[in-house]
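Undergrad: Have a look at this one before I ask anything.
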Amino acid sequence: MRKKRENQQSFFDPNFEALFPDASFTTDEELTGMSRILDQIPEAVDLLAPDLEENPDTLMGRHGITVEQLLRCVILKQLKSYSYRELAKRISDSIDFRRFARFGFGPVPNYSTLNKLIRR
């Protein structure tokens, strides 16, 4: 079963601003606002979760990304009009996008995985 959200922050996902108080980190205000809205309506993740249920017979290995991460990837894809390939590349390269999609320093799925999950 796919996790809905990751409730615990990883030890390796620090708060950048706290670690580097003098550095200036760009923050996309639109993404920050959208993130706040998504945090206020956790039902959005609950509505999406049943569509991502996997057949228990075929479930092997890692569980992959959470439903919340996928929802945030869908929003980024539509908002920025990215292809799946560009979406995976941009999330990998951008601190703002990693923060918004809740990937932290963790791995980002490749474009074919994003394509498969978003189409589902």
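The values are calculated or read from the model by the stated rules, or taken from the named source; none is laboratory data. Because the structure is predicted, anything quoted here is derived from the model rather than measured. Cβ: placed from backbone, ideal geometry, glycine included. Neighbour counts: every protein chain shown. For accessibility, only protein heavy atoms count, side chains too; no ligands or nucleic acids. Shrake-Rupley method; radii C 1.70, N 1.55, O 1.52, S 1.80 Å.
Undergrad: Can you say whether Ser92 is open to solvent by less than 60 Å² (accessible area, probe 1.4 Å) and free of Cβ contacts under 8 Å to residues at least 24 places away in the same chain, as far as the supplied structure shows? Before you say what the answer is, go through the steps one by one.
TA: Details: open to solvent by less than 60 Å² (accessible area, probe 1.4 Å): yes; free of Cβ contacts under 8 Å to residues at least 24 places away in the same chain: yes.
For Ser92, the condition - open to solvent by less than 60 Å² (accessible area, probe 1.4 Å) and free of Cβ contacts under 8 Å to residues at least 24 places away in the same chain - is met.
Undergrad: Additional query: Might you let me know whether segment 2-9 holds any residue that is assigned to a helix (DSSP H, G or I), on the phi < 0 side of the Ramachandran plot and at pLDDT 55 or above? Break it down into steps so the answer makes sense when it comes.
TA: Here is the first cut: in segment 2-9, the residues assigned to a helix (DSSP H, G or I) are none.
No, every residue in segment 2-9 fails to be assigned to a helix (DSSP H, G or I), on the phi < 0 side of the Ramachandran plot and at pLDDT 55 or above.
Undergrad: Follow-up. So is Gly64 at pLDDT below 85, touching a Leu at 6+ places or on another chain (Cβ under 9 Å) and outside any helix (DSSP H, G or I) or not?
TA: Numbers: at pLDDT below 85: yes; touching a Leu at 6+ places or on another chain (Cβ under 9 Å): yes; outside any helix (DSSP H, G or I): yes.
So Gly64 fits the description; yes.
Undergrad: Let me ask another. Does Ala101 satisfy the criteria of being under 9 Å from the mean Cα position of the chain (by Cα), modelled with pLDDT of 90 or more and not polar (S, T, N, Q)? If you could, list the steps in order and put the result at the bottom.
TA: Details: under 9 Å from the mean Cα position of the chain (by Cα): yes; modelled with pLDDT of 90 or more: yes; not polar (S, T, N, Q): yes.
Against the criterion (under 9 Å from the mean Cα position of the chain (by Cα), modelled with pLDDT of 90 or more and not polar (S, T, N, Q)), Ala101 qualifies.
Undergrad: Just to be sure, is Gly33 part of a loop (DSSP other than H, G, I, E, B), open to solvent by less than 70 Å² (accessible area, probe 1.4 Å) and either under 18 Å from Arg102 (Cβ atoms) or modelled with pLDDT of 75 or more (or both)? Steps first, please.
TA: On the way: part of a loop (DSSP other than H, G, I, E, B): no; open to solvent by less than 70 Å² (accessible area, probe 1.4 Å): yes; either under 18 Å from Arg102 (Cβ atoms) or modelled with pLDDT of 75 or more (or both): yes.
No, not satisfied.
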